[in-house]
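Only one structure is covered here, and it is reproduced in the block below.
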Amino acid sequence: MTKTIDRISLGAMSPGTERFILAHRYGTKGARPKAYIQASLHADEIPGMLAAHHLIQLLDAAQARGEIEGEIVVVPVANPVGLGQIVNGAHSGRYELRGGSNFNRHWPDLYDGLLDAVRGKLGADKDANVKAVRAAVGAKINQMNPDSELARLKVELARLAHDADMVLDLHCDDEALMHVYMQPVHWEGFGDLAAELGARAGLLCMDSKAQSFDETFSLPWSKLKEAVGDTFPIPNACFATTVEFRGQADVFDEMATKDAAGLFRFLQRHGALAGDPGPVPAASCEGTDLEATDIVRAPSAGIIAYKVALGAEVKKGDLVAELVDPLAEDQSQARQPVRAVNDGLVLSRCLRKLVSPGDGIAMIVGKTKLAHRKAGALLSD
Ligand SMILES: [Zn+2]
């Protein structure tokens, strides 16, 4: 089957501004496994788009060699709405300017109504149950009536991704080491993705409560599984992950070429592509509970002066940064220490050095769950 490229309209919010998403489709529709990969849902996170560009070239070559085994869909620009949000020279691609919402939050709850939709269709055959669930989710998406460009973007991306066995959402952090998010249940089977990409953290969370893109597709399975208990076999049939391709400035062909090769080997190992990916590389991290990762927050407004580098190992109480008050009259009183509350690896830092009270200024990946991380949302907004 030859490759096709779907050009999907998002309509127009004002005359003459119709935008599109492009979906590169490889393999036969319905072939298994299906992998869905998209880049830069937060549109100012560029590394994923460059990795997708390199991956598409690798997939085109694989297609020419007849190596597509499953179905692979790549959307290299997941968010053309945010891609165009350049205001006075500054790209603002995380929140939709029209309504203010974070593009990777508040995705439709595909579990809502699912139990009722599949009740009576489930049985002892696990594969038949998977088919029934996918059909019900697909039917729910088909009934959605998006009334805006953003809503249409969500529906169209969900339509492409909802029935995939593997959903890879390529993002990046501010300034960060490579890391991945996934549900704990998938670490054993799909943690090789972290190894292939050289990830320094595998952050595991069943439900961050953020209604992020990846969880939109993994959560219906875990929720349904919990709801039906042992009555019917329901596998966690969608491995969905957010991959953070380092930081916003880490956009280089040298990195993106290697990252794409890592994604390619991952797709080989999981059967979407023919060919031998070789052994899984030595892991550069273990999977750790997201509740064990602290988001260090600025206690007040000021200028952040970091005292630790990315990749540093810190202990509880270590100085992470000093917050400088540029309006202090006595300069000896201008600096406020910000200390780590856990032992761990400094995974990310803030690019913007002028911060407001409560801003996340660093992520520190620990191994012991932190009580204060259980209370609220586990992801930064
Ligand atoms: Zn992002």
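Some notes on this structure:
- Odd one out for I56, checked against (1) of a type in the set (A, V, I, L, M, F, W, C); (2) assigned to a strand (DSSP E or B); (3) more than 20 Å from V180 (Cα to Cα): (2)
- Residue within the stretch 270-281 that is within 26 Å of the chain's Cα centre (by Cα), among the hydrophobic types (A, V, I, L, M, F, W, C), under 29 Å from L59 (Cα atoms) and surrounded by fewer than 17 Cβ atoms within 10 Å (Cβ to Cβ) present: yes
- Of the residues in the stretch 233-253, at least one is buried (at least 21 other Cβ atoms within 10 Å of the Cβ) and at positive phi.
- Unmet criterion (only one of (1) more than 16 Å from the ligand (Cβ to nearest atom); (2) not in a loop (DSSP other than H, G, I, E, B)) for G82: (1)
- A Cβ distance below 8 Å, combined with a sequence gap of six or more or placement on separate chains, defines the contacts here; from the stretch 138-153, residues that are part of a helix (DSSP H, G or I) reach residues that are surrounded by 15 or more Cβ atoms within 10 Å (Cβ to Cβ) and of a type in the set (S, T, N, Q) in the pairs L153/N79.
- Among the residues of the stretch 340-363, the ones that are under 14 Å from L177 (Cβ atoms) and among the β-branched types (V, I, T) come to 1 in all.
- Boolean, G123 is at pLDDT 95 or above, more than 26 Å from D147 (Cβ to Cβ) and assigned by TED's automatic domain parsing to the domain that holds K34: yes
- Residues satisfying the stated conditions in the stretch 1-22, i.e. in contact with a Pro (Cβ under 9 Å, 6 or more places away or on another chain) and not in a loop (DSSP other than H, G, I, E, B): F20, I21, L22
- Test: residue in the stretch 266-276 that is without any contact (Cβ under 8 Å) to a residue 60 or more places away in the chain and not polar (S, T, N, Q): yes
- Criterion violated by H106 - all others in (1) within 16 Å of the ligand (Cβ to nearest atom); (2) at negative phi; (3) not polar (S, T, N, Q) satisfied: (2)
- Being at pLDDT 95 or above and within 14 Å of the ligand (Cβ to nearest atom) is a property that does not hold for H54.
- Filtered by the rule that a residue be without any contact (Cβ under 8 Å) to a residue 60 or more places away in the chain, part of a strand (DSSP E or B) and basic (K, R), the stretch 318-370 gives R335, R339.
The rows are residues; the columns are (1) at pLDDT below 95; (2) assigned to a helix (DSSP H, G or I); (3) assigned by TED's automatic domain parsing to the domain that holds Q38; (4) over 22 Å from L310 (Cβ atoms).
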residue: F232; (1), (2), (3), (4): no, no, yes, yes
residue: N236; (1), (2), (3), (4): no, no, yes, yes
residue: T241; (1), (2), (3), (4): no, no, yes, no
residue: E244; (1), (2), (3), (4): no, no, yes, no
residue: M255; (1), (2), (3), (4): no, yes, yes, no
residue: K258; (1), (2), (3), (4): no, yes, yes, no
residue: F264; (1), (2), (3), (4): no, yes, yes, yes
residue: L267; (1), (2), (3), (4): no, yes, yes, yes
residue: G275; (1), (2), (3), (4): no, no, yes, yes
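The values are calculated or read from the model by the stated rules, or taken from the named source; none is laboratory data. Small disclaimer: the values here were computed from a predicted structure and weren't measured. A quick note on method: Cβ atoms are made from the backbone with ideal geometry, for glycine too, and the neighbour counts reach across all protein chains shown.
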